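Chemist: Right, I'll just put the structure down here and ask away after.
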Amino acid sequence: MTDDASEGDLAARRGLDDAVVYQPAEDSGLLAEAAVAEARGRVLEVGTGSGWVAARVASERDLDVVGSDLNPHAARQARDRGVGAVVADLLSPFRADTFDTVCFNPPYLPTDPENEWSDWMEHALSGGESGRELIEPFLADVGRVLAPGGVVLLLVSSLTGYEEVLALIEEAGFDHEVVVEESFPFETLTVLALRRA
């Protein structure tokens, strides 16, 4: 983002000026594709947004899927889709060893630190100055809620610094493999499967 970025720019760039809940986009489709292929057991989608990914996994794989989102409007929209969803800050309310699969499409757009988060779409899109502001605490805590033998499906954008994210993954005690990857004009999106090293 440039220094003259105004509030709401992130949402405007995605054509979401009046939205309060993140709706499915290319990144959602990639995460859904990976989750349908890899998910098993009890599934949590962190930052579920509209619940589209969670609902797709539940219907195509017939799995027990729970969604969480900091945005109460998103949790409500996910519930309207038939996804059990709670308002939560990342993984904070969940017990240890609860989920066999944890999916996360984090807010990852690097954002000028002067650009204050003024609405729900900013929260859904902005990953802080590095783009990794929510990836770091997620990786630090996800091992706690992951059942033995479980898998984490994490969407990573090249905008967030792919090598830096891999270093955080290793630091958190996970091995990784690419499940699906696609390049777009301004970024490459990759869904990684993380398993305990």
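Chemist: Quick one: accessible surface of V178, probe radius 1.4 Å, all protein chains present, in square angstrom to the nearest 10.
Modeler: 80
Chemist: Let a ≥ b ≥ c be the square roots of the eigenvalues of the Cα gyration tensor of segment 19-111; is it rounded (a/c under 1.5), or, if not, prolate (a/b larger than b/c) or oblate? Spell out each step's value before the answer.
Modeler: Numbers: a/c = 1.34, a/b = 1.16, b/c = 1.16.
Here segment 19-111 falls in the rounded category.
Chemist: Tell me the accessible surface of L166 in square angstrom (1.4 angstrom probe, heavy atoms of protein chains only), to the nearest ten.
Modeler: Taking all protein chains as shown, L166 has close to 30 Å².
Chemist: Within segment 64-78, which residues have the backbone N less than 15 Å from the label spot 7 Å out from D89 along Cα→beta-carbon, could you tell me?
Modeler: Residues passing the 15 Å test: 69-72.
Chemist: Need one value: the accessible area of Y108 in square angstrom, 1.4 angstrom probe, rounded to the nearest 10.
Modeler: Spelled out: Y108, probe radius 1.4 Å, area about 10 Å².
Chemist: Taking the Cα centre of segment 35-109 as the origin and placing charges on Cβ (Lys, Arg +1; Asp, Glu -1), which of P106, G49, H73 is farthest toward the positive end of the dipole?
Modeler: Checked the options; the winner is H73.
Chemist: Just report the Cα centroid separation between segment 28-46 and segment 129-175, whole Å.
Modeler: 16
Chemist: Moving to a separate point now. In sequence order, what are the phi-derived ³J(HN,Hα) couplings for segment 90-105 according to the Karplus relation 6.51 cos²θ - 1.76 cosθ + 1.60 with θ = phi - 60°, rounded to whole Hz, with x for glycine and proline?
Modeler: Result, ordered by residue: 6, 10, 3, x, 8, 6, 5, 6, 8, 10, 7, 9, 10, 10, 8, 10 Hz.
The values are calculated or read from the model by the stated rules, or taken from the named source; none is laboratory data. As the structure is a prediction and not an experimental result, all values here were calculated from the model. Cβ coordinates were reconstructed from backbone atoms using ideal geometry, including for glycine residues, and neighbour counts include every protein chain displayed. Just the protein is used for accessible areas: all its heavy atoms, side chains included, with ligands, DNA and RNA removed. Shrake-Rupley method; radii C 1.70, N 1.55, O 1.52, S 1.80 Å.
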